[in-house]
Every structure is written in C-alpha cells, then in structure tokens.
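The values are calculated or read from the model by the stated rules, or taken from the named source; none is laboratory data. Keep in mind that this is a model prediction, so the values were computed, not measured. Cβ atoms come from the backbone with ideal geometry, glycine included; neighbour counts cover every protein chain shown. Only protein heavy atoms, including side chains, enter the accessible area calculation; ligands, DNA and RNA are left aside. Shrake-Rupley method; radii C 1.70, N 1.55, O 1.52, S 1.80 Å.
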Amino acid sequence: GGPGVLRPGIVHRLDKGTTGLLVVAKQELAHRLLCDQFKERSVSREYVSITLGCPEREDGRVETNIGRDLADRKRMAAFAFGSGRGKAAASNYR
C-alpha cells in the first residue's frame, strides 16, 4: 500500500497466556513509536476490573490459578490458588 493506506500492525501482546490483550497500531508512525516504547520499557499499564461484591479492604492481593475452562476449552477460567489447575496468577489492587 501507498500513502494513506491503513496497514495495521500488532505492536505487543500484553500478559500472554491470560488476557490475550493486543496492542495494535493503525499507522506506520504509531507502530514504530509504540514498539520503541515497549522496547525501552517506558510503557505503563493500568487495568480496570469488574468485581462481584465489594472487597473487604481498599487494597490487597488476589491470588488464583488461571487455566482453560473445563466446559469450554476456548475460554479461560479461575481455579483455586495452588490447586494444580492452570498457572498461578496474582494481582495487587487498590
């Protein structure tokens, strides 16, 4: 493609094996600049989650195992921490 043609490019895969979230650039310049930021480790990440109920504390740590859903292998699911199913995962929150 010539000038003005969109050529999306995958910049980075965040948290491989869990969220499967991708960073994709729509333009060549954006792709190059984003790649440089990941290479220099100057990118900060902020996650937003949805919780069921209200945590007892304002900040803390959630530890669980993440693996393939037993009913639907295309989905991921949380299992008891240390259960041996999936991989151990931990997130701090505030």
Please enumerate the residues belonging to segment 39-93 that are under 30 Å from residue 11 (Cβ atoms) and among the small types (Gly, Ala, Ser).
42, 44, 49, 67, 77, 78, 86, 88, 89, 90, 91
Scan of segment 71-87 for residues that are part of a loop (DSSP other than H, G, I, E, B) and either surrounded by 10 or more Cβ atoms within 10 Å (Cβ to Cβ) or of a type in the set (S, T, N, Q) (or both), ordered by number
80, 81, 82, 83, 85, 86
Selected residue (criterion: nearest to residue 92 (Cα to Cα)) from residues of segment 24-45 that are assigned to a helix (DSSP H, G or I) and among the hydrophobic types (A, V, I, L, M, F, W, C)
38
Of a type in the set (Gly, Ala, Ser) and either closer than 26 Å to residue 23 by Cβ or in contact (Cβ under 8 Å) with a residue 24 or more places away in the chain (or both), is that true of residue 71?
no
Working only within segment 46-70, note down all residues that are within 15 Å of residue 90 (Cβ to Cβ), part of a loop (DSSP other than H, G, I, E, B) and open to solvent by 100 Å² or more (accessible area, probe 1.4 Å).
47
Is it fair to say residue 30 is modelled with pLDDT of 85 or more, touching a Lys or Arg at 6+ places or on another chain (Cβ under 9 Å) and of a type in the set (Gly, Ala, Ser)?
no
